[in-house]
Amino acid sequence: MKVIVAETAGFCFGVRRAVDTVYEQAGEETVLKPIYTCGPIIHNEEVVKDLEERGVRVLDEERIHESRGGTVIIRSHGVGRQICEELKGRGFQVVDATCPFVKKIHRIVQEESEKGRTIIIIGNAEHPEVKGIQGWCRERAHVVETLEEASKLTLLADTKLCIVSQTTFNYNKFQLLVEIILKKSYDSIVVNTICSATHERQAEAKQLASKVDVMLVIGGKHSSNTQKLYEICRKECNSTYYIQTVRDLNPKWLEGKRIVGITAGASTPNHIIEEVHTNVRVKF
């Protein structure tokens, strides 16, 4: 059996930077303990559990008012301006590990909304990154994720738009949704804020899935970018399976197969990818 692991599988720059920041803070002996992350540092239960064992606690954004003091690390998804101000106001030392690509979106929507443009975010309204982006807009932003939502979007005729995207959104779908919105003839500027690493990961996953008998997509069950990888691969290979760790691997999936492809979301540690790779290669 031949096993091919995608070169782009695993931690992206922003996630690695955020995770390294938490481990560095957890390893320091300072008077600013305890250490919190503002929400789970990444959508990977294995990493979150390991950090909890090191004394790092997850601080729910909605319960910030119940805590005071210590160090809070902003995860790569980022948070809104109001949350940043509230954290500082409650005496926390804030360590900002927001992905630089997400920070760029914050600057764009802040500047363009202050100029009077209505912000359209292409993405999942429930995703923490999108919620954070909304928190930097002067007025309420509109979030569009589906063709139906794009088609139904109706604003005043003289509305000026600035369209951005969640960094992990599907590139092809982003283009399609933007096309629908532009046909409405609003005065619009479009900024493609999909992370280049995300686009490369999705493109490689699609190509790999089209050449294999079985495709394994590894990532946390709450990982948006992993879910999108799964959807892309599933269109190319019917035998595509979404797993979190090697424990989820079903031997029956691989029976009689010649080529297995493996990719992983941006929040999947290398050791989990290696465990799956080794298990498939050795046992099958």
Across segment 20-34, what is the number of residues that are at pLDDT 90 or above and either more than 10 Å from residue 73 (Cα to Cα) or in a strand (DSSP E or B) (or both)? 3
Test: residue in segment 150-160 that is touching a strand residue (DSSP E or B) at 6+ places or on another chain (Cβ under 6 Å), under 20 Å from residue 231 (Cα atoms) and modelled with pLDDT of 95 or more: no
Return yes or no: is residue 240 under 22 Å from the mean Cα position of the chain (by Cα) and either among the hydrophobic types (A, V, I, L, M, F, W, C) or surrounded by 21 or more Cβ atoms within 10 Å (Cβ to Cβ) (or both)? yes
Closer than 29 Å to residue 204 by Cβ and at pLDDT 95 or above, is that true of residue 15? no
Given 46, 86, 52, 111, which one is touching a residue at least 40 places away in the same chain (Cβ under 8 Å) and open to solvent by 30 Å² or more (accessible area, probe 1.4 Å)? 46
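Here's the yes/no breakdown for (1) modelled with pLDDT under 95; (2) among the polar types (S, T, N, Q):
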{"position": "224", "(1), (2)": "yes, yes"}
{"position": "230", "(1), (2)": "no, no"}
{"position": "233", "(1), (2)": "no, no"}
{"position": "236", "(1), (2)": "no, no"}
{"position": "239", "(1), (2)": "no, yes"}
{"position": "242", "(1), (2)": "no, no"}
{"position": "248", "(1), (2)": "no, no"}
{"position": "257", "(1), (2)": "yes, no"}
{"position": "262", "(1), (2)": "no, no"}
All but one of (1) open to solvent by 20 Å² or more (accessible area, probe 1.4 Å); (2) closer than 14 Å to residue 6 by Cα hold for residue 257; which doesn't? (2)
Can you tell me which of 273, 243, 259 is out of contact with any Leu (no Cβ under 8 Å at 6 or more places or on another chain), within 19 Å of residue 49 (Cα to Cα) and of a type in the set (Val, Ile, Thr)? 273
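What number of residues within segment 177-206 satisfy the criterion of being open to solvent by 60 Å² or more (accessible area, probe 1.4 Å) and under 26 Å from residue 267 (Cβ atoms)?
Step one: filter segment 177-206 for residues open to solvent by 60 Å² or more (accessible area, probe 1.4 Å), giving 179, 182-185, 187, 190, 192, 196, 199-200, 206.
If we keep only those that are under 26 Å from residue 267 (Cβ atoms) too, we end up with 192, 196, 199-200, 206.
Residues in segment 177-206 being open to solvent by 60 Å² or more (accessible area, probe 1.4 Å) and under 26 Å from residue 267 (Cβ atoms): 5 in total.
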Among 75, 68, 57, which is over 23 Å from residue 168 (Cβ atoms) and either surrounded by 13 or more Cβ atoms within 10 Å (Cβ to Cβ) or at pLDDT 90 or above (or both)? 57
Within segment 118-137, can you find the residues that are touching a residue at least 40 places away in the same chain (Cβ under 8 Å) and either buried (at least 23 other Cβ atoms within 10 Å of the Cβ) or among the small types (Gly, Ala, Ser) (or both)? 119, 120, 121, 122, 123, 129, 132, 133, 135, 136
Residue in segment 272-280 that is within 15 Å of residue 11 (Cα to Cα) and either among the aromatic types (Phe, Trp, Tyr) or open to solvent by 60 Å² or more (accessible area, probe 1.4 Å) (or both) present: yes
Please state which of the following conditions residue 35 fails to meet, knowing it meets all the rest: (1) out of contact with any Asp or Glu (no Cβ under 8 Å at 6 or more places or on another chain); (2) surrounded by fewer than 20 Cβ atoms within 10 Å (Cβ to Cβ). (2)
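Condition first: of a type outside the set (A, V, I, L, M) and either over 19 Å from the mean Cα position of the chain (by Cα) or at pLDDT below 95 (or both). Now tell me which residues in segment 82-98 satisfy that.
Initially, segment 82-98 is screened for residues of a type outside the set (A, V, I, L, M), giving 82, 84-86, 88-93, 96, 98.
Scanning segment 82-98 gives 82, 84, 85, 86, 88, 89, 90, 91, 92, 93.
The values are calculated or read from the model by the stated rules, or taken from the named source; none is laboratory data. All values derive from a computational prediction rather than experimental measurement. Please note: Cβ atoms are built from the backbone with ideal geometry, for glycine as well, and neighbour counts cover all protein chains shown. Only protein heavy atoms, including side chains, enter the accessible area calculation; ligands, DNA and RNA are left aside. Shrake-Rupley method; radii C 1.70, N 1.55, O 1.52, S 1.80 Å.
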